[in-house]
Structure formats: structure tokens, C-alpha cells
Amino acid sequence: MKTITYKFSTGRVNKVEVSEAFYLYYSKLVKADRLIDRRETRRHVSLDRLVELGIEPTISDEEERNGYFRFNDLRLEKEIKRLSSSQRKLLWQIYGERFTQSEVAEMENVTVSAIHYRLKRILKKLHKNLT
């Protein structure tokens, strides 16, 4: 038997004993919930930053299916088109599909630091060409 602890906003704490199978299932749900929260926070921060720069991304249903970005800033769109297909794919996975860097690293069978470095290099290239 495992114990799950519930902490209420009032400060009250309840402990519940559950089976091993239920505990494993519950742990997966909690982990998935944390991932969603983190992904949503990152997405909002990223989109807010683009809006601050005067670049508002829009993705139609057809473009989303095709993995294509469209921005109201034609310069950015032009620079994204100049990237290699693997660079565009990485941008799409991170900003379009909203995968975390660790999820992309797992899909590509590389380290998280490799994905981080690639993304950093892409963003640096875009920034250099746009300023």
C-alpha cells in the first residue's frame, strides 16, 4: 500500500492509503498535469514576447496540418523560409506543436542540450537577420 497526501488551501492535510496500481496511475496523472502547466506557461510567455516585438503569429487549420508558419511580419516569414527544413521542423515542434525540448530530444534520439543548442542557434540567426 502507498500513501497519497492531499494538502488543502486551508492548511488541512489528508492522507489516503491506496493500492500500488492506483498510486502509479495517480503519479502519471500528476506528472502529466505538471507538464501541461509548464508547457502552457512557456507557450504564453513565448507568444507574449512575439507580440511585444510586434510580430503576431497566426496559423490556419491547413497550415497547421502542413507544419507551416505564417506571421504578420513578412520579414520574419521570409527568414524562416530561408532556414533548413530541419531547422523549420524544430521551430514547428517547439512553437507550433508546443513540445518541450526534452520531448523533442527524445523523439530525435539526441540530448536535451543538443536541442537547446540548435534552437538557440536558430533564434540567434533569425535575430541577426532581422536586426
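Selection of the range 103-122 for residues being of a type in the set (Gly, Ala, Ser) and surrounded by 13 or more Cβ atoms within 10 Å (Cβ to Cβ) yields 105, 114. Could you tell me whether residue 58 is farther than 20 Å from residue 121 by Cα, touching a Lys or Arg at 6+ places or on another chain (Cβ under 8 Å), at pLDDT below 85 and of a type in the set (S, T, N, Q)? It is true that residue 58 is farther than 20 Å from residue 121 by Cα, touching a Lys or Arg at 6+ places or on another chain (Cβ under 8 Å), at pLDDT below 85 and of a type in the set (S, T, N, Q).
Scan the range 17-29 residue by residue and report those that are exposed (fewer than 11 other Cβ atoms within 10 Å of the Cβ) and of a type in the set (A, V, I, L, M). Answer for the range 17-29, where residues must be exposed (fewer than 11 other Cβ atoms within 10 Å of the Cβ) and of a type in the set (A, V, I, L, M): 21, 29. Every test in (1) under 30 Å from residue 118 (Cβ atoms); (2) of a type in the set (Ser, Thr, Tyr); (3) at pLDDT 60 or above; (4) in contact with a strand residue (DSSP E or B) (Cβ under 6 Å, 6 or more places away or on another chain) is passed by residue 85 save one, and that test is (4). Criterion first (within 14 Å of the chain's Cα centre (by Cα), under 16 Å from residue 130 (Cβ atoms), modelled with pLDDT of 85 or more and not aromatic (Phe, Trp, Tyr)) does residue 91 satisfy it? Answer is yes for this residue.
The values are calculated or read from the model by the stated rules, or taken from the named source; none is laboratory data. From a predicted model like this one, the values you see are computed outputs, not experimental measurements. Note that each Cβ is placed from the backbone with ideal geometry, even for glycine, and that neighbours are counted across all protein chains shown.
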